[in-house]
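Since the structure comes first, as structure tokens, the remarks are kept for the end.
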């Protein structure tokens with residue numbers, strides 16, 4: 001079922017699906033804020049972290065939940081200038097870090113007992129940065145031990161639409177008392193690691209093994225690509241309850257598809273494992289950049305499950 005919940009002057013939606021409870025504010029960035037599990041002994045495990053805030057000021061940049069990254073992920077550049085991009089028409093336009101959706105307004109198009117769909121409502125910032133005729137929709141489906149989310153970009157214009165979108169899941173970590181990041185191995189099926197330099201170009205990332213622990217600083221701000229499988233798994237060594245993040249619908253995703261690992265500080269109460277269509281700065285490097293033809297629609301699907 002879905003319920004309305006007052007929160008700092010706004011109205012959240014809350015879904016209870018089996019052992020899972022999901023909290024979201026669809027009208028603000030289509031933002032899933034928190035996901036927690038009620039375990040058999042009555043205790044609660046946070047899957048997605050959300051901090052204890054006292055105001056909605058700065059909501060778009062809160063480090064928690066799942067910010068939506070559209071039309072491009074992270075930092076874009078145009079000839080060395082950050083927060084800019086150059087479209088196919090040769091015009092340089094602004095583009096905020098992580099794009100336009102996380103700080104944008106959305107309108108609900110579906111609300112039911114298993115999730116919601118919300119469509120982006122472009123404001124002045126979005127029209128200046130991404131001046132196309134389109135519809136971008138975020139659709140969530142919630143399950144007792146997981147979720148699925150699909151992005152859909154429909155092109156109503158007469159020119160191809162560029163995009164390279166993604167998710168920014170803030171997973172609670174550690175989720176058991178007394179453990180540290182060293183107790184959490186992560187398995188990433190990638191053959192190539194990249195970083196982004198100060199000018200926005202992709203450069204070689206650190207050498208990593210197929211399995212590392214989340215205590216390894218080499219994982220932070222690293223882009224894992226050339227994937228040999230579509231799922232990243234991490235969790236407590238020797239215990240049940242792993243988290244699996246699945247990217248796309250094919251067993252082996254397209255070559256430029258990317259998982260990102262990031263956290264803010266060694267003691268942050270979260271660790272981000274992010275499925276992206278491609279690395280950052282896709283409009284300039286063309287790595288991971290995809291196009292939606294006029295009259296067509298492009299999609300990007302992910303799933304997250306507690307195993």
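The values are calculated or read from the model by the stated rules, or taken from the named source; none is laboratory data. On a predicted model such as this, the values are computed, not experimentally measured, just so you know. Positions of Cβ are backbone-derived with ideal geometry, glycine not excepted, and every protein chain shown enters the neighbour counts.
So how many residues does the range 20-51 have that are assigned to a loop (DSSP other than H, G, I, E, B), modelled with pLDDT of 95 or more, under 16 Å from residue 175 (Cα atoms) and in contact with a strand residue (DSSP E or B) (Cβ under 8 Å, 6 or more places away or on another chain)? Can you show your working first?
Filtering the range 20-51 for residues assigned to a loop (DSSP other than H, G, I, E, B) gives 26-27, 29-30, 39-43, 49-51.
From what's left, modelled with pLDDT of 95 or more: 26-27, 29-30, 49-51.
Now restrict to residues that are under 16 Å from residue 175 (Cα atoms): 49-51.
Those left that are additionally in contact with a strand residue (DSSP E or B) (Cβ under 8 Å, 6 or more places away or on another chain): 49-50.
Number of matching residues: 2.
Taking residue 270 and the conditions (1) closer than 24 Å to residue 72 by Cα; (2) free of Cβ contacts under 8 Å to residues at least 60 places away in the same chain, which numbered condition does it fall short on, given that it satisfies the others?
In the conditions (1) closer than 24 Å to residue 72 by Cα; (2) free of Cβ contacts under 8 Å to residues at least 60 places away in the same chain, residue 270 misses (2) alone.
Does residue 153 fit the bill of being in contact with a strand residue (DSSP E or B) (Cβ under 8 Å, 6 or more places away or on another chain), surrounded by 14 or more Cβ atoms within 10 Å (Cβ to Cβ) and under 25 Å from residue 15 (Cα atoms)?
Details: in contact with a strand residue (DSSP E or B) (Cβ under 8 Å, 6 or more places away or on another chain): yes; surrounded by 14 or more Cβ atoms within 10 Å (Cβ to Cβ): yes; under 25 Å from residue 15 (Cα atoms): no.
So residue 153 fails the test.
Report, ordered by the first and then the second residue, all pairs with beta carbons closer than 6 Å, sequence separation of six or more or different chains, a first member in the range 227-238 that is at negative phi and touching a residue at least 40 places away in the same chain (Cβ under 8 Å), and a second member that is outside any loop (DSSP other than H, G, I, E, B) and exposed (fewer than 15 other Cβ atoms within 10 Å of the Cβ).
none
Does at least one position in the range 124-136 carry a residue that is under 23 Å from residue 293 (Cα atoms), buried (at least 17 other Cβ atoms within 10 Å of the Cβ) and within 16 Å of the chain's Cα centre (by Cα)?
Step one: list which residues in the range 124-136 are under 23 Å from residue 293 (Cα atoms), which gives 126-136.
Narrowing further to those that are buried (at least 17 other Cβ atoms within 10 Å of the Cβ): 126, 129-130, 132, 134, 136.
Keeping just the survivors that are within 16 Å of the chain's Cα centre (by Cα) gives 136.
Among the residues of the range 124-136, at least one is under 23 Å from residue 293 (Cα atoms), buried (at least 17 other Cβ atoms within 10 Å of the Cβ) and within 16 Å of the chain's Cα centre (by Cα), which makes the answer yes.
Across the range 196-205, what is the number of residues that are closer than 19 Å to residue 228 by Cα and in contact with a strand residue (DSSP E or B) (Cβ under 6 Å, 6 or more places away or on another chain)?
From the range 196-205, those closer than 19 Å to residue 228 by Cα are 204-205; that's our starting set.
From what's left, in contact with a strand residue (DSSP E or B) (Cβ under 6 Å, 6 or more places away or on another chain): 205.
So the count comes out to 1.
Considering every residue within the range 170-177, establish whether at least one is within 19 Å of residue 68 (Cβ to Cβ) and under 18 Å from the mean Cα position of the chain (by Cα). Spell out the reasoning first.
Narrowing the range 170-177 to residues within 19 Å of residue 68 (Cβ to Cβ): 170-171.
Now drop any that are not under 18 Å from the mean Cα position of the chain (by Cα), which leaves 170-171.
Yes, the range 170-177 has at least one match.
Checking residue 121 against (1) farther than 22 Å from residue 62 by Cα; (2) exposed (fewer than 14 other Cβ atoms within 10 Å of the Cβ), which single condition isn't satisfied?
Condition not satisfied by residue 121: (1).
Might you let me know whether the range 67-82 holds any residue that is part of a loop (DSSP other than H, G, I, E, B), more than 22 Å from residue 142 (Cα to Cα) and touching a helix residue (DSSP H, G or I) at 6+ places or on another chain (Cβ under 7 Å)?
Taking the range 67-82 as the starting set, the residues that turn out to be part of a loop (DSSP other than H, G, I, E, B) are 67, 71, 73-76, 79-80.
Add one more test, that the residue is more than 22 Å from residue 142 (Cα to Cα), and what stays is 71, 73-76, 79-80.
From what is left, the residues that are touching a helix residue (DSSP H, G or I) at 6+ places or on another chain (Cβ under 7 Å) are 76.
Yes, the range 67-82 has at least one match.
Mind listing whichever residues of the range 137-150 are closer than 14 Å to residue 165 by Cβ and surrounded by 17 or more Cβ atoms within 10 Å (Cβ to Cβ)?
Taking the range 137-150 first, the residues closer than 14 Å to residue 165 by Cβ are 137-139, 149-150.
If the condition is that a residue be closer than 14 Å to residue 165 by Cβ and surrounded by 17 or more Cβ atoms within 10 Å (Cβ to Cβ), then 137, 138, 139, 149 are the ones that fit.
Being part of a loop (DSSP other than H, G, I, E, B) and touching a residue at least 60 places away in the same chain (Cβ under 8 Å) is the filter; apply it to the range 52-66 and report the residue that is surrounded by the most Cβ atoms within 10 Å (Cβ to Cβ). Write out each step before concluding.
Of the residues in the range 52-66, the ones part of a loop (DSSP other than H, G, I, E, B) are 52-58, 62-65.
Applying the additional criterion that residues be touching a residue at least 60 places away in the same chain (Cβ under 8 Å) yields 63-65.
Values: 63: 16, 64: 22, 65: 25.
Applying the filter and picking the extreme gives 65.
Does the range 80-105 hold any residues that are within 26 Å of residue 262 (Cβ to Cβ), touching a residue at least 60 places away in the same chain (Cβ under 8 Å) and surrounded by fewer than 16 Cβ atoms within 10 Å (Cβ to Cβ), and which are they?
Those that are within 26 Å of residue 262 (Cβ to Cβ), touching a residue at least 60 places away in the same chain (Cβ under 8 Å) and surrounded by fewer than 16 Cβ atoms within 10 Å (Cβ to Cβ): 80, 82.
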